[in-house]
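Enquirer: Below is a structure I'd like to ask you about.
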Amino acid sequence: MNKLEKIPATVITGFLGAGKTSLIRNLIENANGKRLALIINEFGDLGVDGDVLKGCGNENCSEDDIIELANGCICCTVADEFLPTIQALLNRENRPDHIIVETSGLALPKPLVRAFGWPEVRTQVTVDGVITVIDGPAYRDGLFASNPEAVQDQREADENLDHDSPLEELFEDQLNCADLIILNKADLLTEEEAADAINAIGAEVRPSVKLIKTSHGKINANVLLGIGAAAEDDLDVRKSHHDGDDDHEHDDFESFVLDLPNPSTPEELVSRLTTAIEIHGILRVKGFIAVAGKEMRLVVQGVGNRIQHYYDREWAEDEVPSSRLVVIGEHGLDEQAISALLQG
Ligand SMILES: [Zn+2]
């Protein structure tokens, strides 16, 4: 793949039990030679989804290409879990042709899609489409999930979940963010029930959204992939119950580059960084540092309040050893205050 071409990513949402895993499994088996990477956040039956998919032994998707994010709701752990994972995938020698993200049924899709606007990600990945999988019989019965108790258990088990959205709100958010809606388990509905469901859902969503019924998640990969929605660019038309919530205000990112005086030890810098991260809304820092008297270049990377540093190589002869960091944070980052703090 051309390194300059963005890698498409498909976000798959839907409640536990709606059939996301069988849809993905079917996708792997019919990927037409595309190398897929899967990021799986459905932890309701912990590890099961990942194991099911890893067991499929398909060459289009090896075990290394299946990454489980089991530390809770993907939209609530975006900075700590999802973004580093995407970045690690992008740094691989052999990058995937397509990335599939299976969210937990409790996740709000919009903040996740918004995370693809992260400065380091948006130049390399685009959201090809958001696919919402609906449990046909559950919908007909006025439920949102086939097993609401299991969804409730999932909610209680998730320590990182920071939104207590009712199921109908989550359901509507999933519909409103979708480019493609799959009415699954249609074999358990009559023709008329399926048509009624499609009409009712179709009346609620944006006109460009496609609805398809399917059974056992079996659907042509060409329908699922290659939608080309670039969803990260038209979030405004994807209404949600949580627009403007404080919970997920950490969505507009900002970054700036900061030149620093060379510190005398790595610890000196790390201690300043720790303070800056605590006080200001910094989500991520990274850069190269020249430590006084050292011939090696120091790499500094911070995600949340975890800061890593190591010497990676000697400064080259044509380089002037110097210290420079990229600081990334929420909208409204106080560049002046942070600069003052870090420049000492
Ligand atoms: Zn969340």
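The values are calculated or read from the model by the stated rules, or taken from the named source; none is laboratory data. Computed from a predicted model, the values in this text were never measured in an experiment. As a convention, Cβ positions derive from the backbone with ideal geometry for all residues, glycine included, and neighbour counts pool all protein chains shown. Surface areas here come from the heavy atoms of the whole protein model, side chains and all, with no ligands, DNA or RNA. Shrake-Rupley method; radii C 1.70, N 1.55, O 1.52, S 1.80 Å.
Enquirer: Note the full-extension length gain between residue 309 and residue 159 as 0.36 nm times their separation in residues minus their Cα-Cα distance, in nm to one decimal.
Expert: Length gained, residue 309 through residue 159: 51.1 nm.
Enquirer: Charges on Cβ only, +1 for Lys and Arg, -1 for Asp and Glu, centred on the Cα centroid of the chain; of 190, 308, 289, which one is farthest towards the dipole's positive end?
Expert: Going by the charge dipole, the pick is 289.
Enquirer: Still on this structure: Could you let me know the centre-to-centre spacing of region 71-105 and region 322-344, using Cα atoms, in angstrom?
Expert: 26
Enquirer: State to the nearest 20 debye the size of the charge dipole of the chain about its Cα centre, where the only charges are +1 on K and R beta carbons and -1 on D and E beta carbons.
Expert: Dipole size: approximately 1100 debye.
Enquirer: Would you mind calculating the relative contact order of region 253-343 from Cα pairs under 8 angstrom and at least 6 residues apart, reporting the percent as a whole number?
Expert: 41
Enquirer: Turning to a different aspect of this structure: Filter the GluC sites (Glu not before Pro) in region 295-344 down to the DSSP loop ones having no more than 11 other Cβ atoms within 10 Å, then list what survives.
Expert: Answer in residue order: 295, 317, 319.
Enquirer: Let me know the number of lysine pairs in the chain closer than 12 Å at the Cα, not counting same-chain pairs under 8 apart.
Expert: 5
Enquirer: Counting only protein heavy atoms and a 1.4 Å probe, tell me what percentage of the chain's accessible area is made up of carbon and sulfur.
Expert: For the chain, the apolar C and S fraction of the accessible surface comes to 46 percent.
Enquirer: For region 7-237, what class follows from the C-alpha gyration tensor (a ≥ b ≥ c being the square roots of its eigenvalues): rounded when a/c is under 1.5, otherwise prolate if a/b is larger than b/c, else oblate?
Expert: Verdict is rounded for region 7-237.
Enquirer: Rounded to the nearest 20 debye, what is the charge dipole size of region 73-185 about its Cα centre when +1 sits on each Lys and Arg Cβ and -1 on each Asp and Glu Cβ?
Expert: 520
Enquirer: Now for a different question. For residue 212 and residue 123, compute 0.36 nm times the residue count separating them, minus their Cα-Cα distance, and round to one decimal in nm.
Expert: Full-extension gain reported as 28.9 nm.
Enquirer: Now for a different question. Mean residue ellipticity at 222 nm from the helices of the chain, using -39,500 (n - 2.57) per DSSP H segment of n ≥ 4 over the full residue count, to the nearest 500 deg cm²/dmol?
Expert: The helix-only estimate for the chain comes to -8500 deg cm²/dmol at 222 nm.
Enquirer: Turning to a different aspect of this structure: For the ranges 108-121, 171-184, what's the packing order if you count other beta-carbon atoms within 10 Å of each residue, average per peptide, and put the highest first?
Expert: 171-184, 108-121
Enquirer: Just the number please: accessible area per residue for the chain, 1.4 Å probe, all protein chains included, in Å².
Expert: 46
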